[in-house]
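Working notes, structure below.
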Amino acid sequence: MESRLGFVVSEGQIRNDIFVPKYYDPEIEATIESYSETHYLVPVSELMASGELEMRQGNYIPKMHYGTGSVPYIRTSDIANWELRGSPKHGISDNVAQVFRQKQNVRSDDVLLVHEGTYLIGTGCLITQFDTDILYQHHLARLRVINDTRINGPLLMCALISSVVQSQIRSKQFTADVIDSIVGRFPEVRIPIPKSQQRRAELTTRARSLFRDRAEARLRLAVFRRGLDAALESGDLNGLRKEVEEAPETANNHGIVGFLGSSYKAESFTITDGQVRNNILLPRYYDPAAEDALSNLSGECELVSMGDLVESGVVELSTGDEVGKLAYGTGKIPFVRTSDLGNWELKQDPKQRVSLEVYEKFARKQSARSEDILLVRDGTYLVGSSAMVTGYDLPLLFSGGLYRIRVTRPEALDPYLLLALLNTQVAGRQMRNKQFTRDVIDTLGRRFEEVRLPIPRSVEVRAGIASLMRDLVEKRADLRYAVGQLGNELLGKKIPRQRSS
């Protein structure tokens, strides 16, 4: 298709003194109108005026309250792949939460939408029964369907996922002071609603089921991760298997199973001059709690460092490349950056994509493939986060802030067992302790090779952990793909091919 090089807007078409060209992009308008025979194209403002839709902004909660409790305070970065992260960055005390609960009043089938930020604007998630006891910040809006005659929460979420709505949001995004926003302009967005009542009902049922299944799988993965250290210490997986299976029935309505790492308490300690290594004077680097935890695991597990795994040829470790900002937006191939990891998986819609030419320039060196693990090396609170590459994610390139971890001898170490061990609390504790500031960013650097992993001595336990992790990751990946296609299903588009080998 021939690309448009430019277009003309007459003076009479200018609205509200807006002179940003993309705001008037005729291709977006033509695409919207192409669905007029099969869909009602209803502006959000009309849904609000008719009382069908309510829109409420969240609240700013001062940083002094961060970390005071376990009620999740959802920020823009806590939404990934159309759901809440399983372990949000900040928790608020129940006393503080009580001040805002009545006003925010989050319910099942509400939609949270990022309406202030930068590249995350337009990102949304559907609230499930597991996510209702949360607070959300002022950069987010809560959308609630009051009258479901024409639309409901799941259908609204399908529309937000669709390309026709996302393109409208991008065209209306503007810079307000130091942050981008669609506040005030989001009501102009037209929502495509299928005219067929039967089609609306079928899509509602499918969407609600997919979001529920994703949330349940997220809970199971969070429970698995939380309980893995204890199972490794005891050498018994039966209790953990039962907890994972029952997770949806036993979870609280935070949608979170506790903030990982919270079992560790900061305490003072003393080290001698002889214990200082490589002139590192950072106290947490010598954290005795991490050493105690490793010692407790040593009975049932062999403690093996990442460096030892690399040296023995079991694992290959490499970093990505910085392709340069000029390559951003030149094509369709994902360029995965640190912020594109969430809930132990990659985002299906990453911030940046590059051309085939750029991909071919770096692909031979990077050669990402299924069952590679990407781990955040550089950043802040994301350092140590990891995700398994699946067939749905390929092809891709990844940034220099990520480690690519490839198991080269799977008969010696299953990739899914490695992913599980990298997500134990004891591994996470070590990575946080070894994290340091280089220039203006935190990093693990080569210290990542010092991290010791508790590899079970029992063949049965190793196989059991790998099997559990594989099942959870693959189910989440299948569901992620299905949710990502809901926008196409809403528009009646053909669904693209599924995962690569």
### Query
Mind checking the log10 I(q)/I(0) for the range 354-422 at q = 0.20, 0.22 Å⁻¹? Debye, one equal scatterer per Cα, no solvent, two decimals.
-0.88, -1.01
### Message
For a quick size check, give me the Cα extents of the range 14-115 along its three principal axes, largest first, whole Å.
### Response
50, 30, 28
### Task
Note down the magnitude of the dipole of the range 356-396 about its Cα centre, charges +1 on Lys and Arg C-beta and -1 on Asp and Glu C-beta and zero elsewhere, to the nearest 20 debye.
140
### Message
Tell me the Kirkwood radius of the range 101-160: reciprocal of the mean inverse pair distance over distinct alpha-carbon atoms, in Å.
### Response
12.0
### Between 0 and 90°, nearest 10: helix 163-172 axis offset from the chain longest Cα axis
80
#### Entry: Distance between modelled label sites at Val8 and Asp349, nm, 7 Å Cα→Cβ extension
3.5
### Rounded Å value of the spacing that divides the Cα centres of the range 91-128 and the range 281-342
31
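Can you give me the % of accessible surface on the chain that is carbon or sulfur? Probe 1.4 Å, all protein chains present, nothing else counted.
Details: 11240 of 23280 Å².
That fraction is 48 percent.
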### Task
Order the peptides 367-376, 434-443 from the highest to the lowest mean number of other Cβ atoms within 10 Å of their residues.
367-376, 434-443
### Task
Subtract the Cα-Cα distance of Glu54 and Asp308 from 0.36 nm times their separation in residues, and report this length gain in nm to one decimal.
85.8 nm
#### Entry: Most positive-pole-ward Cα, Ala420, Phe130, Thr408, against dipole of the chain from beta carbon charges
Phe130
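Using mean Cβ contacts within 10 Å as the protection proxy, how do 346-355, 42-51 order, highest first?
Numbers: 346-355: 19.2, 42-51: 15.6.
My ranking of the peptides, most packed first, is 346-355, 42-51.
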#### Entry: Percentage of interatomic Cα-Cα distances in the range 313-413 larger than 18 Å
43
### Greater than 26 Å apart at Cα, pairs in Lys22/Lys351; Lys172/Lys361; Lys242/Lys434
Lys172/Lys361; Lys242/Lys434
### Query
Dipole of the chain (Lys/Arg Cβ +1, Asp/Glu Cβ -1, origin at the Cα centre): which of Ile441, Ala327, Gly464 lies farthest to the positive side?
Ala327
#### Entry: Accessible area in square angstrom per residue, the chain, 1.4 angstrom probe
46
### Message
Rounded to two decimal places and with Rh computed the Kirkwood way over Cα pairs, what is Rg over Rh for the range 49-192?
### Response
0.95
### Query
If amide H atoms are built 1.01 Å from N in the plane of the peptide, which residues on other chains or at least 5 residues away come under 5 Å of the amide H of His39?
Lys195
### Query
For Gly401, what is the net charge nearby, where nearby means another residue's Cβ is under 14 Å from its Cβ and Lys, Arg count +1, Asp, Glu -1?
-1
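Roughly how big is the range 159-229's charge dipole about its Cα centre, with Cβ charges of +1 (Lys, Arg) and -1 (Asp, Glu), in debye to the nearest 20?
360
For the range 54-94, what value does the Rg/Rh ratio take when both radii are computed over Cα atoms and Rh is the Kirkwood radius, given to two decimals?
The Rg/Rh ratio comes out at 0.99.
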### Net charge dipole size for the range 398-501 [Lys, Arg +1 and Asp, Glu -1 on Cβ; Debye, nearest 20]
160
#### Entry: the range 342-501 - convex hull of the alpha-carbon atoms, volume per residue in Å³
143
### Summary
Quick shape summary for the chain, equivalent ellipsoid via Cα gyration tensor, semi-axes whole Å in descending order, reads 41, 26, 23
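The values are calculated or read from the model by the stated rules, or taken from the named source; none is laboratory data. Computed from a predicted model, the values in this text were never measured in an experiment. So basically every Cβ, Gly included, is an ideal-geometry build from the backbone, and we count neighbours across all protein chains shown. Areas reflect the complete protein model, heavy atoms only, side chains present, ligands, DNA and RNA absent. Shrake-Rupley method; radii C 1.70, N 1.55, O 1.52, S 1.80 Å.
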